[in-house]
1. Determine whether region 168-183 contains at least one residue that is surrounded by fewer than 22 Cβ atoms within 10 Å (Cβ to Cβ), under 13 Å from the mean Cα position of the chain (by Cα) and either not in a loop (DSSP other than H, G, I, E, B) or not assigned by TED's automatic domain parsing to the domain that holds residue 79 (or both).
2. Could you please find all residues in region 21-75 being within 30 Å of residue 9 (Cβ to Cβ) and of a type in the set (Gly, Ala, Ser)?
3. Checking residue 36 against (1) surrounded by 14 or more Cβ atoms within 10 Å (Cβ to Cβ); (2) more than 16 Å from the ligand (Cβ to nearest atom); (3) not in a strand (DSSP E or B), which test does it fail?
4. Go through region 229-241 residue by residue and tally those that are without any contact (Cβ under 8 Å) to a residue 12 or more places away in the chain and part of a strand (DSSP E or B).
5. Considering only region 112-124, state which residues are hydroxyl-bearing (Ser, Thr, Tyr) and either out of contact with any helix residue (DSSP H, G or I) (no Cβ under 7 Å at 6 or more places or on another chain) or away from the ligand (no atom under 16 Å from the Cβ) (or both).
6. Would you say residue 63 is of a type outside the set (A, V, I, L, M, F, W, C) and either surrounded by fewer than 14 Cβ atoms within 10 Å (Cβ to Cβ) or without any contact (Cβ under 8 Å) to a residue 60 or more places away in the chain (or both)?
7. May I ask you to list the residues in region 216-228 that are in contact (Cβ under 8 Å) with a residue 60 or more places away in the chain and either closer than 17 Å to residue 158 by Cα or assigned to a helix (DSSP H, G or I) (or both)?
Amino acid sequence: MKFYLLLFLFLILMIAVYFTGISPIWYVVNLFLFVGVVVAGVTTIKFNLFLTAQSSIKNTNNEVALTFDDGPDTELTPQVLDLLREYNAKATFFCIGSKLKDNEANVKRIVAEGHAIGNHTYEHSNTFPIWSVKKMMLSIQKTDMLIKDITGLDCVLFRPPFGVTNNLIASAVKQLGKVAIGWNLRTMDTYKSSDKVIATIKKKLLPGDIVLFHDTNPNILVELKETLEYCKIKKMNPIALV
Ligand SMILES: [Zn+2]
């Protein structure tokens, strides 16, 4: 794993500073660099520091992957599905387990209309990254079982809450045989205005991108419509992850 290589390099450099007798300031510089890279790795899933996540797709036919986190939402998810159907677009929904039971019809519809479903933990807890591996696995398995009950499908895809990764999450993902999915285009749709989200899409979206949206964001419909229009103009093909 890249993290252990980084840790090894950090220790080697610390030892090198000790034996070469250069200024002790280099201990601090090395420590800051190490902590900086680790923080970047924890918060940026596409760096693959702790686990290998898929953060882009092959774009052999101008494909893009639109992904929707934190649903299903009783009000918004059906409207998101309507829009996707209107444009003949496919997408992937990373669902929170605790929301599945109240949205069984939406979950069935996601699958029936050719979209993919991913696991986004049962609770989507802020403290998920510091849970024990066992507790993480139970949360993921509980969600998988609900998806199986409702759709009959074995869910393979997994996206950690907030895209935060560390060694514990990497261990849970590995033990459960999940395929971790990140993104390489974050729209910041949960706190930026629709104008800004749409501007980001038009400036940055390229074939091969995995885009992060939320089907709980009240502005998702206008943002998605503009995105789908943009894809149509640029002849990009929104597909579901498999
Ligand atoms: Zn989330």
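1. yes
2. Result: 21, 23, 36, 40, 41, 53, 55, 56.
3. So the condition that residue 36 fails would be (1).
4. Residues in region 229-241 being without any contact (Cβ under 8 Å) to a residue 12 or more places away in the chain and part of a strand (DSSP E or B): 0 in total.
5. If the condition is that a residue be hydroxyl-bearing (Ser, Thr, Tyr) and either out of contact with any helix residue (DSSP H, G or I) (no Cβ under 7 Å at 6 or more places or on another chain) or away from the ligand (no atom under 16 Å from the Cβ) (or both), then no residue fits.
6. Values: of a type outside the set (A, V, I, L, M, F, W, C): yes; either surrounded by fewer than 14 Cβ atoms within 10 Å (Cβ to Cβ) or without any contact (Cβ under 8 Å) to a residue 60 or more places away in the chain (or both): no.
It is false that residue 63 is of a type outside the set (A, V, I, L, M, F, W, C) and either surrounded by fewer than 14 Cβ atoms within 10 Å (Cβ to Cβ) or without any contact (Cβ under 8 Å) to a residue 60 or more places away in the chain (or both).
7. Those that are in contact (Cβ under 8 Å) with a residue 60 or more places away in the chain and either closer than 17 Å to residue 158 by Cα or assigned to a helix (DSSP H, G or I) (or both): 220, 221, 224, 225, 227, 228.
Listed here are the residues, each with its yes/no results for (1) among the polar types (S, T, N, Q); (2) within 12 Å of the ligand (Cβ to nearest atom); (3) closer than 23 Å to residue 4 by Cβ.
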| residue | (1), (2), (3) |
| --- | --- |
| 142 | no, no, no |
| 146 | no, no, no |
| 161 | no, yes, no |
| 165 | yes, no, yes |
| 168 | no, no, yes |
| 174 | no, no, yes |
| 179 | no, no, yes |
| 187 | yes, no, no |
| 190 | yes, yes, no |
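The values are calculated or read from the model by the stated rules, or taken from the named source; none is laboratory data. Remember, it's a predicted structure, so these values are computed and weren't measured experimentally. Positions of Cβ are backbone-derived with ideal geometry, glycine not excepted, and every protein chain shown enters the neighbour counts.
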